[in-house]
Every structure is written in C-alpha cells, then in structure tokens.
Amino acid sequence: ETGVTQTPRHLVMGMTNKKSLKCEQHLGHNAMYWYKQSAKKPLELMFVYSLEERVENNSVPSRFSPECPNSSHLFLHLHTLQPEDSALYLCASSQDPLTGGFNEQFFGPGTRLTVL
Amino acid sequence: DQQVKQNSPSLSVQEGRISILNCDYTNSMFDYFLWYKKYPAEGPTFLISISSIKDKNEDGRFTVFLNKSAKHLSLHIVPSQPGDSAVYFCAAYSGSARQLTFGSGTQLTVLP
C-alpha cells in the first residue's frame, strides 16, 4: 500500500450504532488529520494529531472520538450519530514542520458515511 | 463566516483554452495558499502552492497568481485538457494555527 488509505470506503449506519473509521499513512509523516466534507461545503477540519498528540479539536461534537495509537494510524470512532452527520470523511497526513514553514497534506480517498 | 471563498461553483471551458479559477480570502495572516484537485471517489491531491511573499508561481500548465492587496488568488490552466475536469479547492495555510482552511470548491469541466 502506498500513500494514505482509508477503510471502509462506504458506511451506512443507524443512529444507535457504533462504528469506527480507519486511516493509515505509508508516507512516514508525523501529523494526521480528519476532515468532514458535506455537499457543496468546504472541507471542515475536525481533528489534528502531531506526533500522536491531539493538537486541535475544532469544536467537534463528542459523538466523534478520534484515536491516534501511532504516527501511521488514525481512527475516528462514531456513536449515536445524527442524519446530518452524513458526509465524506477524509483523512490526511503531512510532515509537521513544528517550527514553522509548510508541508502539503496528502489525502486518502475518504469514507462516504450515511446515517439513517 | 468563511475565511476562504470560491464564489463560482462551476466553470466550463473549451479544450485548449485557458481556465481561470478564482478564490478570495479574508485573513491577511495566511502564510501559504494552495490549490487541490479532486476527482470523484478520490481524495484531494495537491496541485500547486504559493507563499504569501510571492505573487506568482508556475508549474507547467498551471500558474497561481496572488494579489495580496485584493486578498485574491487565481489558478490559470493553459491549455486546458479534458483530463483537467475535476473539482478544484483553494486552501490557505496559517503557520501560527498550523491549519489549512478550504474553500467550497469549483467544478471545472473541460469540453472536448
């Protein structure tokens, strides 16, 4: 596998279900991100992990719970979601410069989530 | 309120002509600006970037122009090819926040 992979690619769940999205990066990066893309809206940054520590949580409801066990893997645990949470969830990784500068983010293909 | 705006949801261009995609921003503290391209069923892929201290960056058929006084950037694709048909996202990076802020995207269709 190369680049950034995400599983599953599609997920349909009920509001009472618990599920997890998985992301894996094979690029040797030290930062990983979760984004949400709803129809006709900008990508919204949800969570940022740098060196496996969460450095950003953009006011995301607690029904979304991230986990970053190591620099290559990122999970998004989902429970009691609402229909308005239906969206494309994208994972990305980058080399966090830590001391300034910028390195572009590489995205996975996304998980298309539908909440019934 | 959106800090990065792409006011044109779609654009159609004839093959061989120039495509111009526009983006406006409100935060004068952004350090870098980027363009990403997204095909259906794939994640966005990085296309080209420009530092806030530059006004132009060119890479093959793609050129990004930055007008800081107008808080405006644009992506020029010339000549346009049918394979360029995709959604193009403008994004801005803040070094202090270490975050990318995206626009809502423009669907480019290049007609053969």
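The values are calculated or read from the model by the stated rules, or taken from the named source; none is laboratory data. Note that the coordinates shown come from a computational prediction; the quantities given were computed from them, not determined experimentally. Don't worry about glycine lacking a Cβ; one is built from the backbone with ideal geometry, like all the others, and counts go over all protein chains shown. Accessible surface is based on the protein model in full, side chains and every heavy atom, while ligands, DNA and RNA are left aside. Shrake-Rupley method; radii C 1.70, N 1.55, O 1.52, S 1.80 Å.
Here are the numbers for the structure shown:
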| item | result |
| --- | --- |
| From B:A41, B:A86, residue being without any contact (Cβ under 8 Å) to a residue 12 or more places away in the chain, among the aliphatic types (A, V, I, L, M) and within 25 Å of A:Q6 (Cβ to Cβ) | B:A41 |
| Single residue of region A:1-32 satisfying the filter (crowded, with 21+ Cβ neighbours inside 10 Å and more than 12 Å from A:G110 (Cα to Cα)) that is nearest to the other protein chains (Cβ to nearest Cβ) | A:A31 |
| Matching entry among A:L51, A:L76, A:L81, A:L116 (being more than 14 Å from chain B (Cβ to nearest Cβ), open to solvent by 20 Å² or more (accessible area, probe 1.4 Å) and out of contact with any His (no Cβ under 7 Å at 6 or more places or on another chain)) | A:L116 |
| Residue pairs meeting the criteria (Cβ under 8 Å; at least 6 apart or on separate chains; first within 30 Å of B:I50 (Cβ to Cβ), in region A:99-116; second loosely packed, with under 13 Cβ neighbours inside 10 Å and at pLDDT 95 or above) | A:P109/A:R9; A:G110/A:R9 |
| Looking only at region B:22-61, and only at residues there that are farther than 18 Å from B:Y93 by Cα and open to solvent by less than 30 Å² (accessible area, probe 1.4 Å), the one that is nearest to the other protein chains (Cβ to nearest Cβ) | B:G43 |
| Failed item in (1) under 18 Å from A:E67 (Cα atoms); (2) out of contact with any Gly (no Cβ under 8 Å at 6 or more places or on another chain), with A:M15 passing the rest | (1) |
| Elements of type strands (runs of 3 or more DSSP E) in region B:1-104, at least 1 residues being over 22 Å from A:A87 (Cβ atoms) | B:10-14, B:19-25, B:32-38, B:45-51, B:56-59, B:62-67, B:72-77, B:86-94 |
| Residue match in region B:45-64 (condition: more than 20 Å from A:F106 (Cβ to Cβ) and touching a His at 6+ places or on another chain (Cβ under 8 Å)) | yes |
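Table: residues versus (1) more than 10 Å from chain A (Cβ to nearest Cβ); (2) over 21 Å from B:Q2 (Cβ atoms); (3) not charged (D, E, K, R).
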{"site": "B:S74", "(1), (2), (3)": "yes, no, yes"}
{"site": "B:I77", "(1), (2), (3)": "yes, yes, yes"}
{"site": "B:D84", "(1), (2), (3)": "yes, yes, no"}
{"site": "B:Y93", "(1), (2), (3)": "no, no, yes"}
